[in-house]
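Below: one structure, written as structure tokens.
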Amino acid sequence: MQICKCVGADEEQIARSIRSHGLPTLAEVTLHTRAGGGCTSCHADIVRLLAMLNEGSGIASGGAEEQSRA
């Protein structure tokens, strides 16, 4: 499923980056993948993916306020 239309990043590409780099926040995901750095309409999907992947992993996903600052 495509998440970020601006850079053409799909869910698997973003998930792979989150897992391989241990990315805890939306800002980190944007820094590593550029996803979320354009129109920002994908932020909710990226935050959802972060929460799903980081749940129970010991990686803090940060609050919604921090997530929206990217």
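Here are a few things to note about the model shown:
- Looking only at residues in the range 9-22 that are free of Cβ contacts under 8 Å to residues at least 24 places away in the same chain and part of a helix (DSSP H, G or I), the one that is surrounded by the most Cβ atoms within 10 Å (Cβ to Cβ) is SER17.
- Beta carbons closer than 9 Å, at least 6 apart along the sequence or on distinct chains, pair a first residue in the range 37-51 that is outside any helix (DSSP H, G or I) with a second that is among the hydroxyl-bearing types (Ser, Thr, Tyr) for GLY37/THR30; THR40/SER68.
- Residue satisfying all of: in the range 23-57; open to solvent by less than 50 Å² (accessible area, probe 1.4 Å) and hydroxyl-bearing (Ser, Thr, Tyr); nearest to ASP10 (Cα to Cα) among these: THR33
The values are calculated or read from the model by the stated rules, or taken from the named source; none is laboratory data. Because the structure is predicted, anything quoted here is derived from the model rather than measured. Positions of Cβ are backbone-derived with ideal geometry, glycine not excepted, and every protein chain shown enters the neighbour counts. Side chains are part of the model used for accessible areas, which takes the heavy atoms of the whole protein and leaves out ligands, DNA and RNA. Shrake-Rupley method; radii C 1.70, N 1.55, O 1.52, S 1.80 Å.
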